[in-house]
Amino acid sequence: MEILNVALPALGDAFLTVIQPQHLMYMVAGVLLGLSIGVLPGLGGIAGLSLVLPFMFGMDPVSGLALMVGLIAVIPTSDTFSSVLLGIPGSSASQATVLDGFPLARKGQAARALSAAFVSSLYGGLLGALALTMIIFVARPLILAFGLPEMLMITVLGLSMVAILAGRIPLKGVVAAGLGLLAGTIGTAPAGGSLRMATYDIPYLVDGLQLVIVGLGIYAIPEVISLLRQDRSISKGGALGAGWTEGLRDWWANKWLSTKCAAIGVTVGVIPGLGGSVVDWIAYGYAVQTSKNREEYGQGDIRGVIAPESSNNAKEGGGLVPTLIFGIPGSASMAVFLGGLALLGMTPGPAMVRNDLDITYTIVWSLALANVVGAGLCVLLSGQIARLTTIRFTLLAPFLFMMIAFAAFQSRMSFGDLIALVFVGVIGILLRRFDYSRPAFLIGFVLSTQAEQFVNMATQIGSARFRRSFEAGIDYIVTPITVTLLVLTVLSIVIGIRQSKNIRENIATHTGTKRAPLVFLAAVTAYAAIATADAAGVSRFGDKVFPLTVGIVTLLGCLALFARMMLKPETDDVFIDMETGGDDGEAPHSLWGTLAWFFGLLALTGLFGFVIALGLFFVGFFRVRAGLTWAKAVLFAAIGIGFILFFADLLNRDFPPGLLQSYFDLPWPFT
């Protein structure tokens, strides 16, 4: 009763604060900024919050909170646009949405997919805000119950989603996940600082690959190249199909699935460090495993949109729990949010909840209202923005190339970002071509670092406990939470392997000769062998045990695939090659010839800098590849360059320099 006597008045005071015109103005400003950033592939909450941080100095705390919460609340909603319309994850929280959202767009049902996604996001966001309200007073025991063994087990549960996303050949899913895990170990080991698959002669590799590079390379480049080869609109028929009202009906028909996935989002968001990187995959895997008819998943099932979108907005409410109560960021964007709170003179933690409960609940109300405003704007605009799918893709691709290169460069502000993007992009294209699970690769990469950290820390503490006594060690490892998570993981793997054949990125199966699939598998095996040997050569045990184990498992998977290839005929699914039939095989433009345009943009950037390279690339592409007149080519080039200059100036971002800039001191934007 004492809690209610304190909480209810604080809720009322917070609501009166939130509906003040000044607060609403800043919240709407944050929502509009979040919509603008979330629509663009590769730029998420971190970039948006970084943009507003300089304005936090001296700002009224309530107004500053409104601006930041409005921004972070709507980005998981607005990033759905690029995931559905372009097949490019708008952020790490919208990766799973691509699997079914993009096929729906290609069927001419983009408006339906978008509206269902936005309603799901709104519902998940409101449930997240409600959960945050209820958890504020009771979350401390829940958060403190998750020690290192529990964190490790929930990471393993995330990895078990690979089973449901393995595709037609489970072994290919294992190999793809292994490659992702190995890619995540490149660079300095988190525990002892040993180098793995890196050298100080190439400084870029020392810090490893960044998620934005891998996400853009694995998803964005393959899909843009595939669509560009067709030289048509994204939606084959050019029709938008049913509008947002059908999406509303789809959500209502699956409201319980949406509720359960929102609960998953809140739960995962509460656990620091997981956040948006894995929540959509867990929700998607849950949706598949609990559905009676799974055949349409991966081919355009609306449930494959509703599930991840319900969870990724709900996780924002969950992520604020450790952030506000303990000052522990629930995700990378929450880490930036903590910086903003510090600039506003606030110190998140138990004292803030105890002494400034009205401020704390102001964040809750702002989160709820921002979700309503953001989702409402997205629903109203979905029909108009979905018309992008009816535009000839050749006219959109150059602008996407521009945004992909610009977003990749923001990773470390190094030309190495663009080189890494090329290599990862080629890997993504080949994984797609030979039907290796790209979601499995991405899950492996995302969870690699934290899995290794949790393994090392849990091993060290567990060893100390076992040295004390066997009972102490068992008590540390075997807890009700770890046992529950272990059971869930085993069930996920068993059900996932049984149902993985129904979850396909590529609908049609086209097989050719054995040569190309064998050559690609040989290259993958060679890399796995080299990475395994490199890990074995690391002197510190804690730095080598994880990549060595992953490398050995990946090698065993490769050898098992080789054995199957030797025993099976060329018509077996293990020899799938998308270049031998279907849209890719019958495309009017070649794969590598189309990719050469993107390579050309990056090569010109290395010589003349990004802005000059864009001018040359745009005019050449629109004139030669799109067949436009010189006047239209120059006009389109001017529009593209004008947009990126405005956007970079707004975000205070720099462009990739080239050799020209190393010899001449040029003014912005040619620096």
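The values are calculated or read from the model by the stated rules, or taken from the named source; none is laboratory data. Since the structure is predicted, the reported quantities are computational estimates derived from the model, not experimental observations. Note that we place each Cβ from the backbone using ideal geometry, even for glycine, and neighbour counts take in every protein chain shown. In case anyone asks, the SASA skips ligands and DNA or RNA and just uses the protein heavy atoms, side chains included. Shrake-Rupley method; radii C 1.70, N 1.55, O 1.52, S 1.80 Å.
Hey, can you tell me all the residues within segment 385-402 that are open to solvent by 10 Å² or more (accessible area, probe 1.4 Å) and either at pLDDT 85 or above or not polar (S, T, N, Q) (or both)? ILE385, ARG387, LEU388, ILE391, ARG392, LEU395, LEU396, PHE399, LEU400 - these are the residues of segment 385-402 that are open to solvent by 10 Å² or more (accessible area, probe 1.4 Å) and either at pLDDT 85 or above or not polar (S, T, N, Q) (or both). Reported count of residues in segment 39-71, each being open to solvent by 10 Å² or more (accessible area, probe 1.4 Å), modelled with pLDDT of 75 or more and assigned to a helix (DSSP H, G or I), is 3. Only one entry in MET566, MET578 is of a type in the set (A, V, I, L, M) and either modelled with pLDDT of 90 or more or over 30 Å from the mean Cα position of the chain (by Cα) (or both), namely MET566.
The condition (being at pLDDT 85 or above, part of a helix (DSSP H, G or I), open to solvent by less than 30 Å² (accessible area, probe 1.4 Å) and of a type in the set (A, V, I, L, M)) is satisfied by just one residue among ILE429, ILE419: ILE429. ILE612 passes every criterion in (1) more than 21 Å from ASP417 (Cα to Cα); (2) more than 28 Å from the chain's Cα centre (by Cα); (3) of a type in the set (Val, Ile, Thr) apart from (1).
Applying the criterion of being of a type in the set (Gly, Ala, Ser) and over 21 Å from MET68 (Cα atoms) to the residues of segment 352-384, the residue that is modelled with the lowest pLDDT is GLY383. Looking at segment 660-668, can you tell me whether even one residue there is under 30 Å from ARG229 (Cα atoms) and either over 29 Å from the mean Cα position of the chain (by Cα) or not in a loop (DSSP other than H, G, I, E, B) (or both)? So far as segment 660-668 goes, no, none of its residues is under 30 Å from ARG229 (Cα atoms) and either over 29 Å from the mean Cα position of the chain (by Cα) or not in a loop (DSSP other than H, G, I, E, B) (or both). If you go through segment 514-561 and keep only what is among the polar types (S, T, N, Q), part of a helix (DSSP H, G or I) and surrounded by fewer than 17 Cβ atoms within 10 Å (Cβ to Cβ), you end up with just THR549. The condition of being within 30 Å of ILE404 (Cβ to Cβ), of a type in the set (Asp, Glu) and at pLDDT 80 or above holds for GLU309. Within segment 93-129, the set of residues being crowded, with 24+ Cβ neighbours inside 10 Å and hydroxyl-bearing (Ser, Thr, Tyr) comprises SER94, THR97, SER115, SER120, SER121.
Could you please let me know if LEU341 is part of a helix (DSSP H, G or I), open to solvent by 10 Å² or more (accessible area, probe 1.4 Å) and modelled with pLDDT of 70 or more? It is false that LEU341 is part of a helix (DSSP H, G or I), open to solvent by 10 Å² or more (accessible area, probe 1.4 Å) and modelled with pLDDT of 70 or more.
Of everything in segment 584-608 that's of a type in the set (A, V, I, L, M, F, W, C) and free of Cβ contacts under 8 Å to residues at least 12 places away in the same chain, which residue is most open to solvent (accessible area, probe 1.4 Å)? In this case the residue turns out to be TRP592.
Taking the conditions (1) over 20 Å from ILE427 (Cβ atoms); (2) of a type in the set (D, E, K, R); (3) under 27 Å from the mean Cα position of the chain (by Cα) in turn, ASP572 satisfies each one other than (3).
A Cβ distance below 9 Å, combined with a sequence gap of six or more or placement on separate chains, defines the contacts here; from segment 640-652, residues that are of a type in the set (Phe, Trp, Tyr) reach residues that are not in a helix (DSSP H, G or I) in the pairs PHE647/LEU40; PHE647/ARG653. Evaluate segment 432-445: report whether one residue or more is at pLDDT below 80, among the aliphatic types (A, V, I, L, M) and open to solvent by 20 Å² or more (accessible area, probe 1.4 Å). No; the residues of segment 432-445 include none that is at pLDDT below 80, among the aliphatic types (A, V, I, L, M) and open to solvent by 20 Å² or more (accessible area, probe 1.4 Å). Taking first residues from segment 453-465 that are within 10 Å of PHE546 (Cβ to Cβ) and partners that are open to solvent by 40 Å² or more (accessible area, probe 1.4 Å) and not in a helix (DSSP H, G or I), the Cβ contacts under 7 Å between residues at least 6 apart in sequence or on separate chains come to GLN453/PRO190; ASN456/ALA191.
Report, by residue number, each residue of segment 279-295 that is among the small types (Gly, Ala, Ser) and without any contact (Cβ under 8 Å) to a residue 40 or more places away in the chain. Result: ALA287, SER291.
Look at ARG564 and say whether it is free of Cβ contacts under 8 Å to residues at least 40 places away in the same chain, open to solvent by 20 Å² or more (accessible area, probe 1.4 Å) and of a type outside the set (Val, Ile, Thr). No.
The residue list SER83, SER120, SER92 contains one member that is among the polar types (S, T, N, Q) and at pLDDT below 80, which is SER92. Of all the listed residues (PHE655, PHE636), the sole one being at pLDDT 90 or above and either surrounded by 14 or more Cβ atoms within 10 Å (Cβ to Cβ) or polar (S, T, N, Q) (or both) is PHE636.
Filtered by the rule that a residue be open to solvent by less than 10 Å² (accessible area, probe 1.4 Å), small (Gly, Ala, Ser) and modelled with pLDDT under 70, segment 141-166 gives GLY158, ALA166. If I filter segment 258-285 down to residues being of a type in the set (A, V, I, L, M) and within 25 Å of ARG438 (Cα to Cα), which single residue comes out as modelled with the lowest pLDDT? Step by step, filter segment 258-285, then rank; the result is LEU274.
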